[in-house]
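Input: a single structure, listed below in structure tokens.
The values are calculated or read from the model by the stated rules, or taken from the named source; none is laboratory data. Note that the structure is predicted; figures quoted are calculated from it, not measured. Please note: Cβ atoms are built from the backbone with ideal geometry, for glycine as well, and neighbour counts cover all protein chains shown.
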Amino acid sequence: MQEISFLGFSKSEWDFINSFANWASAIGSIAAAWVALHLANRIARPTAKVRVGHRIVFGTDDDPPYPEYVMFSIVNSGDRNFRVTHISWRVGIFRKRFALQIHDRTISSPLPVELNHGQEAQWLVPMAYSTKTWVEHFAHGFIMEGKSGWLASAGAFFALLSLRAVFTTSLGHEFITRPESNIIERLRSACRKSAPVEPRSSEIERDD
């Protein structure tokens, strides 16, 4: 008995063609589920815009030199509220080191601070205090780990490449950013100054 055909295709061929519809339906269902999970995850995850850089504060009646600060700034750019508990620094790739950053409470936002959508918080760290500047103190004490010499200076070069500012929330979520170039260049210069200049061979012979 001859098999019935339609549009030039037999029943078995039509059954084979129709099987692709089931595969297409399954793939569409999986894709829809993935998109739904992705969107739900984005809504549940807090998002923010953060930056850290050097700032100068000008006053109406102030005379130069004007006070300089390291400014930590964060803006809640998502729909979920979050609570910032502390600001800190991180260096290293395989062996990470961390340092909490103390700020001037009189001119900064409170910490911890709760941020709703669109709200911003800022923390200012004075770059000049006591007998040292923040750059010198931070470069030698944290970037170079309190060491001196060419080996420590080489280590500082790689440490500055991995230097990141970290904003930590109460639920453990972190917003991480690289400091602006004006901070990196000042720290790099301070690290170079910590490396002693090796005497020339002629100077050594002269001393002998």
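Data for the structure
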read-out: Meets criteria (loosely packed, with under 14 Cβ neighbours inside 10 Å, within 21 Å of Ala190 (Cβ to Cβ) and modelled with pLDDT of 95 or more) for Phe72; value: no
read-out: Residues satisfying the stated conditions in region 119-141, i.e. farther than 15 Å from Glu185 by Cβ and touching a Cys at 6+ places or on another chain (Cβ under 9 Å); value: His140
read-out: First in region 104-116 and under 26 Å from Gly78 (Cα atoms), second anywhere and of a type in the set (Ser, Thr, Tyr) and surrounded by 13 or more Cβ atoms within 10 Å (Cβ to Cβ), Cβ under 6 Å, 6 or more apart; value: Pro112/Thr85
read-out: Residues of region 142-177 that turn out to be within 14 Å of Val52 (Cβ to Cβ) and either touching a Cys at 6+ places or on another chain (Cβ under 9 Å) or aromatic (Phe, Trp, Tyr) (or both), as a count; value: 3
read-out: In region 82-101, the residues that are more than 16 Å from the chain's Cα centre (by Cα) and either at pLDDT below 95 or outside the structural domain of Arg164 (by TED's automatic domain parsing) (or both); value: Phe94, Arg95
read-out: Close pairs from region 142-160: first more than 17 Å from Ile184 (Cβ to Cβ), partner of a type in the set (Ser, Thr, Tyr), Cβ under 8 Å, at least 6 apart; value: Ser148/Ser194; Ala152/Ser194
